Each structure stands twice: as C-alpha cells, then as structure tokens.
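Visitor: Below is a structure I'd like to ask you about.
The values are calculated or read from the model by the stated rules, or taken from the named source; none is laboratory data. This structure is a prediction, so every number in the text was calculated from the model and none was measured. Cβ atoms come from the backbone with ideal geometry, glycine included; neighbour counts cover every protein chain shown. Ligands, DNA and RNA are stripped out before the accessible areas are found, and what is left, the full protein with its side chains, is counted by its heavy atoms. Shrake-Rupley method; radii C 1.70, N 1.55, O 1.52, S 1.80 Å.
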Amino acid sequence: MTLMESTAVKLGTLMPAFELEDPSGKKHASDSLYGPKGLLVVFTCNHCPYTVAVWPRLIRLAREAERLGVRTAAVNPNIHPGYPEDAPDRMKEKIKEWGVFFPYLIDAAQTTARDFKAQCTPDLYLFDAGKKLVYHGRIDDNWQDESKVRRHELKEAIEALAAGKPVPGDQRPSMGCSIKWR
C-alpha cells in the first residue's frame, strides 16, 4: 500500500464523459448518472483501508445527496490481477454487504481514472449540473475515526451546491492507497 494524495484539478474543469459497466454487465453512461443538481464521482475499491473506513460514510452521504438532487457513482480502477479483492465478483459481494445503492462501476482499462487524473482511493469529484467541477477533496477531516470528525467537507460542498450557493474554496486533497496502475 502506497499512500497518495489526490492531485490538484482546476475547479470549473468539465467532467470527462465515460461509459462503464457495473459488475452485472449493465452499461452506465456518465450523462445518465446526473441528478438535477449534479454528480459525485468517487474512485474507490474494496481493499484499501482508507476506502473501507469511509465506505459507510460515503453511502450515508450519497443517500442525503440524492435527496438534495445530487447523484453518486463509484468507479473501481483497481481491476488488476494482483488485487483479486477488487475483482468484479468481489464488487458484487461488497455491493450487497455494504448496501451500495448507486452504480459501482468497473474501470478495467483505467481510462476513466486517467481522464479524471485520479490518483488514489478514495478520490472524489463533485460536479454541478453543468458538468463543471466544484469540489475535489476529502470526505472529512478524519478518515480513521468517524467519531473524531470535526469538519464534513464533502457534505458541506454538496449542501452548498444543492442550495445554489458557492462551494467552499478551501479544499484539502483526499488521501488513500495509490491506484493500482497496470
């Protein structure tokens, strides 16, 4: 496991279009994933301790975001023979185990991760309804212990976006395991 931080991506950047399959073989085009207010795209996986720690928070936050008009899609770029825990069959298990209700997609070619400039899992991108990046940062200020979180940065960004207010510009990078590039 190599610890990485997300790289800076200029706010206002247009979301790269993509079409990916979920573990059941259903195709999802990025344009069809948007909610009325926007889309949260999360590069994640099953095995990284950083992602495992925040999956429950992400799922709860995605439910709240959905009520506010922002949908969520997760993308697994770690489809790699050296990481069998992230294989599509294991993704199916985790979807059921964790109660993932939004698309959890397979980026086997890692093209989508490269197009987004994703570096780590989790790596989070919040886009407005115009497909412009408004937030690229961490979920909150304590990935290890949810009871010690003082600032819910992603939640604040989603709430501001949904309310039509400016998203706070003070955005700290996400950190996690490096993407397992082929």
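Visitor: Among Gln110, Gln119, Gln144, which one moves the most in a GNM of the chain with springs linking Cα atoms closer than 10 Å?
Guide: Comparing Gln110, Gln119, Gln144 in the GNM, the peak value goes to Gln144.
Visitor: What residues have an amide H closer than 5 Å to that of Lys180, excluding those fewer than 5 places away on the same chain, when H is modeled at 1.01 Å from N in the peptide plane?
Guide: Distant-sequence amide H within range of Lys180: zero hits.
Visitor: Quick check: with the 1.4 Å probe, what order do Met4, Met91 take by accessible area, largest first?
Guide: Numbers: Met4 60, Met91 0 Å².
Reading off the accessible areas and sorting them downward yields Met4, Met91.
Visitor: Filter the cross-link list Lys26/Lys155; Lys37/Lys94; Lys131/Lys155; Lys27/Lys94 down to pairs whose alpha-carbon distance in this structure exceeds 23 Å. The partial results should precede the final answer.
Guide: On the way: Lys26/Lys155 29 Å; Lys37/Lys94 28 Å; Lys131/Lys155 19 Å; Lys27/Lys94 19 Å.
Cα-Cα > 23 Å for Lys26/Lys155; Lys37/Lys94; rest within.
Visitor: OK, next. Using label points projected 7 Å from each Cα along Cα→Cβ, tell me how many nm separate Glu21 and Glu146, to one decimal.
Guide: Rounded to a tenth, the inter-label distance reads 3.2 nm.
Visitor: Can you tell me how the stretch 121-182 classifies by the Cα gyration tensor, rounded, prolate or oblate, using a/c under 1.5 as the rounded cut? List each step's numbers first, then the result.
Guide: Numbers: a/c = 2.78, a/b = 1.24, b/c = 2.25.
Because a/c hits 1.5 or more and a/b fails to exceed b/c, the stretch 121-182 counts as oblate.
Visitor: Further question: Taking the Cα centre of the stretch 1-92 as origin and charging only Cβ (+1 Lys, Arg; -1 Asp, Glu), how large is the dipole, in debye to the nearest 20?
Guide: On the way: 11 positive and 10 negative charges, 75 e Å.
So the dipole magnitude of the stretch 1-92 works out to roughly 360 debye.
Visitor: Could you provide, to the nearest whole Å², the per residue accessible area of the chain with probe 1.4 Å?
Guide: Working: 8630 Å² over 182 residues.
Per residue, the chain has 47 Å² of solvent-accessible surface.
Visitor: Answer rounded, prolate or oblate for the stretch 1-105, using the Cα gyration tensor with square roots of eigenvalues a ≥ b ≥ c: rounded when a/c is under 1.5, else prolate when a/b is larger than b/c, else oblate. Don't skip to the answer; put the middle values down first.
Guide: On the way: a/c = 1.41, a/b = 1.26, b/c = 1.12.
In terms of gyration-tensor shape, rounded.
Visitor: If R₀ is 25 angstrom, what is the calculated FRET efficiency for the pair Thr111 and Lys10, using the beta carbon separation as r and rounding to 0.05?
Guide: On the way: r = 21 Å, r/R0 = 0.82.
Here the calculated transfer efficiency is 0.75.
Visitor: Collect residues whose amide H, placed 1.01 Å from N in the peptide plane, falls under 5 Å from the amide H of Val75; neighbours closer than 5 in sequence don't count.
Guide: Answer set, sorted by chain and number: Val42, Phe43, Thr44, Leu105.
Visitor: Any idea which of Leu161, Asn78, Thr44 is furthest toward the positive side of the dipole for the chain, if Lys and Arg beta-carbons carry +1 and Asp and Glu beta-carbons -1?
Guide: Leu161
Visitor: If you don't mind, there's one more thing I want to ask. Please list, in chain and number order, the residues 5+ apart from Gln119 or on another chain whose amide H is under 5 Å from its amide H, with Hs placed from the backbone.
Guide: Here Thr7 satisfy the definition.
Visitor: Still on this structure: Leaving ligands, DNA and RNA out of it, report the carbon-plus-sulfur percent of the accessible area of the chain at a 1.4 Å probe.
Guide: Values: 4370 of 8630 Å².
For the chain, the apolar C and S fraction of the accessible surface comes to 51 percent.
Visitor: On to the next question. Taking a ≥ b ≥ c as the square roots of the eigenvalues of the Cα gyration tensor of the chain, is the shape rounded (a/c under 1.5), prolate (a/b larger than b/c) or oblate? Present the calculation step by step, with values, prior to reporting the outcome.
Guide: Details: a/c = 1.42, a/b = 1.24, b/c = 1.15.
Rounded is the answer for the chain, as its axis ratio a/c remains below 1.5.
Visitor: Can you sort Asp141, Asp123 by 1.4 Å-probe accessible area, starting with the largest? Could the numbers behind the result be given before it?
Guide: Details: Asp141 55, Asp123 0 Å².
If we order Asp141, Asp123 from most to least accessible, we get Asp141, Asp123.
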